[in-house]
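Working notes, structure below.
The values are calculated or read from the model by the stated rules, or taken from the named source; none is laboratory data. Predicted, not measured: the structure shown is a model, and the values here were computed from it. Positions of Cβ are generated from backbone atoms using ideal geometry, with glycine treated the same way; all protein chains shown enter the neighbour counts.
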Amino acid sequence: MFGSTQFLITGGTGFIGRHVVRRLLAQGAGVRVFCRTPEKAQRLFGDRVGIVRGDLRDRASVVAAMPGCGAVIHLGAAFQFGRKARRINEETNVSGTRYLLEAGERVGLQRFVHVGSCGVLEGRHDLLTERDFPRDVDVRESYRRSKWLSEIAALEAAGRGLPVTIASPTSPLGTGDEKPTPTGRIVQDYLRGQFPFGAHVGLNFVHVEDLAEGILAVAERGRIGERYLLGHHNVWLDEFLRVLERVTDRPAPRFTLPKAAITLAGAIGEATGSERVCWETAAHARRRQWFDFSKAAAELGWSARAPLDAIAREAVQWFQAWQDQARISR
């Protein structure tokens, strides 16, 4: 599919990135992984990839990684919340994206896929679409605002002639979520018995393998300057907790936390400098993040397939094995 194209992948050792890299390798593409920890890339991919040590906040390392590449898939990002995270989100997600775009313009890339986030979008209708890109994002939502600004930078580069396309994922589930992501934390906390409350929050989940396939569909067939939403299951959080109950045989919480309590918890967390419970995470919990993926189906020929119970079971089994391995290592 991609022939002898040399790809530069940022975030290639992350949860989504490792699945993208493996798919590219299976299709015969050359892959260069840009990362802060080459040892992790070596553990994941061995000698099948080129490895470049660098940091998105360091313009020189970004520029040095680009020569010889024909395409970039930009997955790398700081994924942090709370007031303490504002600087790193700005430096990594906004400035780092601009450094990559500038370097890509200089070498004349054939394709640049900027991986944004469906979480940036907002609207009052039931299902959000690619058109629901906001005019502004509150500065208190430092992660979401940084992704919004980085997407604006990517679209501006497309306007200048760089072949940029936007892939906007929802929340992935599956194997390999080592950090873990906020989605993975739901599963991890549930397994640890640390999820005492439900909440009336609208979420969307997608199998990480389906998502990786969608990102490569954007790289191959996406139109320049366009945004494509990549996701699958629109569900309430309480509904997802019932899925976890079925696949783990552990009871889900029966109490649903009111929105007023979520708002109060967010305010307290913001004041105390918490990352997990802060103004931004509370704001996200008050939204219904459901999406329409018909554009990706029509233009890319892509749609996710894995059933929710199956991907939840896969995530549960992976986290259980990961936790067992961690206990043995100690």
Give the residues of region 215-245 that are of a type in the set (Lys, Arg) and surrounded by fewer than 22 Cβ atoms within 10 Å (Cβ to Cβ), sorted by residue number.
ARG221, ARG223, ARG242
Go through region 230-258 residue by residue and tally those that are under 12 Å from PHE205 (Cα atoms) and touching a Phe, Trp or Tyr at 6+ places or on another chain (Cβ under 6 Å).
3
Is it the case that ARG144 is at pLDDT below 95, assigned to a helix (DSSP H, G or I) and surrounded by fewer than 20 Cβ atoms within 10 Å (Cβ to Cβ)?
no
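Would you mind finding the one in VAL52, VAL21 that is within 22 Å of PHE79 (Cα to Cα), at pLDDT 95 or above and touching a Lys or Arg at 6+ places or on another chain (Cβ under 7 Å)?
Being within 22 Å of PHE79 (Cα to Cα), at pLDDT 95 or above and touching a Lys or Arg at 6+ places or on another chain (Cβ under 7 Å) holds for just one of VAL52, VAL21, which is VAL52.
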Could you grab me the full set of residues in region 193-206 that are over 12 Å from the mean Cα position of the chain (by Cα) and closer than 16 Å to VAL243 by Cα?
GLY193, PHE195, PRO196, PHE197, GLY198, ALA199, HIS200, VAL201, GLY202, LEU203, ASN204
With region 189-298 as the region, which helices (runs of 4 or more DSSP H) entirely inside it contain at least 3 residues that are modelled with pLDDT under 90 and in contact with a helix residue (DSSP H, G or I) (Cβ under 6 Å, 6 or more places away or on another chain)?
259-272, 279-285
Reported set for region 84-141 where residues are farther than 29 Å from GLY70 by Cα and among the polar types (S, T, N, Q) is THR129
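Would you pick out the residues in region 175-187 that are buried (at least 20 other Cβ atoms within 10 Å of the Cβ) and part of a helix (DSSP H, G or I)?
Selection gives THR183, GLY184, ILE186, VAL187.
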Quick test of your reading of the structure: ILE166 fulfils all but one of (1) among the β-branched types (Val, Ile, Thr); (2) buried (at least 20 other Cβ atoms within 10 Å of the Cβ); (3) over 15 Å from the mean Cα position of the chain (by Cα); (4) within 23 Å of ARG227 (Cα to Cα). Name the failing condition by number.
(3)
Among the helices (runs of 4 or more DSSP H) lying completely within region 14-127, list those that include at least 1 residues that are more than 14 Å from SER146 (Cβ to Cβ).
15-26, 38-45, 59-65, 96-107
Criterion (in contact with a Lys or Arg (Cβ under 7 Å, 6 or more places away or on another chain), under 25 Å from ARG221 (Cβ atoms), of a type outside the set (Val, Ile, Thr) and modelled with pLDDT of 95 or more) met by exactly one of ALA158, ALA153:
ALA153
